[in-house]
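The values are calculated or read from the model by the stated rules, or taken from the named source; none is laboratory data. Remember, it's a predicted structure, so these values are computed and weren't measured experimentally. Using ideal geometry, Cβ is built from the backbone for each residue, glycine included, and neighbour counts are taken over all protein chains shown.
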Amino acid sequence: MASDPYTVLGVERGASDKDIQRAFRTLAKKLHPDVNPNDAAAAERFKQVSQAYDILGDPEKRRQFDAGEIDANGETRHGFAGAGAGYGAGPGGGYYSYQTRGAPGGGQGPADDLGFGDIFSDLFGGRAGPRGGPGGPFQAGPMRGQDIRYTLDVTFLEAATGTRKRVSMPGGTTLDLNVPEGVSDGRVLRLKGKGKPGVNGGPPGDALVEIKVGTHKDFERDGNDVRIELPISIDEAVLGAKVEVPTISGSVNLTIPKGTSSGQTFRLRGKGIKDASSGKTGDQFVSVKIVLPDEIDDGLAYYLTEWRQKHGYNPRR
């Protein structure tokens, strides 16, 4: 006995006609044998979906099923008069259900595709119709090829400033890919027509390249801004200095004022990452960190001892 058609299509009993058709479209597009060649499980499931839609896609047959007059096969239940509909494979070994419309007394008449033609024309650009007999398999028209996915690794600086990468495609072919300036981690670049070939003269799919951006030992991205921690010496912090600071576009000089403390942050305007959509460029923020020498010599220790006795202070107060 066939399964409950509502369960097969995954809809509630009170579903609207549009909901039923939408559910059938989704399942049919996924399970159709022309999309799943040599997949017996998908073919069997497609037959079940087609049979369920044969019942629920016809208002009269749906009413009969809901009233218990016909079963999930479309056959008249015991105790009800008259044959309603049937399901089967045509001479071509097809997958579609058919019903005996227009045949007096329920006798077998011309096969009716129940609107499958419109539905599959919409889904596949082809048509559903007999191929060797009633209920024959679907005749697909041109179908777009499947998209394929790649992952491309780029360095932090390559993503920040843009680069050109060579990507290896299936079959050994290669293509040069322009990685745009400021591309972010996880961004997907679409290469039109570089996917799998189309079916029956359909267009090829696309290649979807996901960008994976590596980390950097100095730089950290914050939106379109760049952050960096800059070590300075104790004398540079106390006396002030001009120090060289790396940026994504090269080194620049930064003035460290007298009395600079660890954690103090300076802004380098326009030294961040350029936003491709707005054209605006972020800034670079430089946080300084005072680093003491590896060894404290006697002169420095004596001076600081004398200084602390006269000018000692507690920064934690």
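Condition check ((1) within 28 Å of Gln146 (Cα to Cα); (2) touching a residue at least 12 places away in the same chain (Cβ under 8 Å); (3) of a type in the set (Ser, Thr, Tyr); (4) out of contact with any helix residue (DSSP H, G or I) (no Cβ under 6 Å at 6 or more places or on another chain)) across all residues:
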| site | (1), (2), (3), (4) |
| --- | --- |
| Gly14 | no, no, no, yes |
| Asp17 | no, yes, no, yes |
| Leu31 | yes, yes, no, no |
| Asp34 | yes, yes, no, yes |
| Ala40 | yes, no, no, yes |
| Arg45 | yes, yes, no, no |
| Ser50 | yes, yes, yes, yes |
| Lys61 | no, yes, no, no |
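Residue check: Phe24 meets all listed conditions (1) exposed (fewer than 15 other Cβ atoms within 10 Å of the Cβ); (2) closer than 27 Å to Thr76 by Cα; (3) not aliphatic (A, V, I, L, M) but one, namely (1).
Determine whether Ser278 is more than 22 Å from Glu236 (Cβ to Cβ) and either surrounded by fewer than 10 Cβ atoms within 10 Å (Cβ to Cβ) or modelled with pLDDT of 95 or more (or both). Yes; evaluated as a whole, the condition is true for this residue.
A Cβ distance below 9 Å, combined with a sequence gap of six or more or placement on separate chains, defines the contacts here; from region 206-228, residues that are at positive phi reach residues that are not aromatic (Phe, Trp, Tyr) in the pairs Gly223/Gly272; Gly223/Ile273; Gly223/Asp275; Gly223/Gly282.
For Ile256, the conditions (1) in contact (Cβ under 8 Å) with a residue 40 or more places away in the chain; (2) of a type outside the set (Ser, Thr, Tyr); (3) in contact with a Phe, Trp or Tyr (Cβ under 9 Å, 6 or more places away or on another chain); (4) over 25 Å from Asp185 (Cα atoms) are fulfilled apart from (1). Does Lys242 count as farther than 23 Å from Lys217 by Cβ and in contact with a strand residue (DSSP E or B) (Cβ under 7 Å, 6 or more places away or on another chain)? So Lys242 passes the test.
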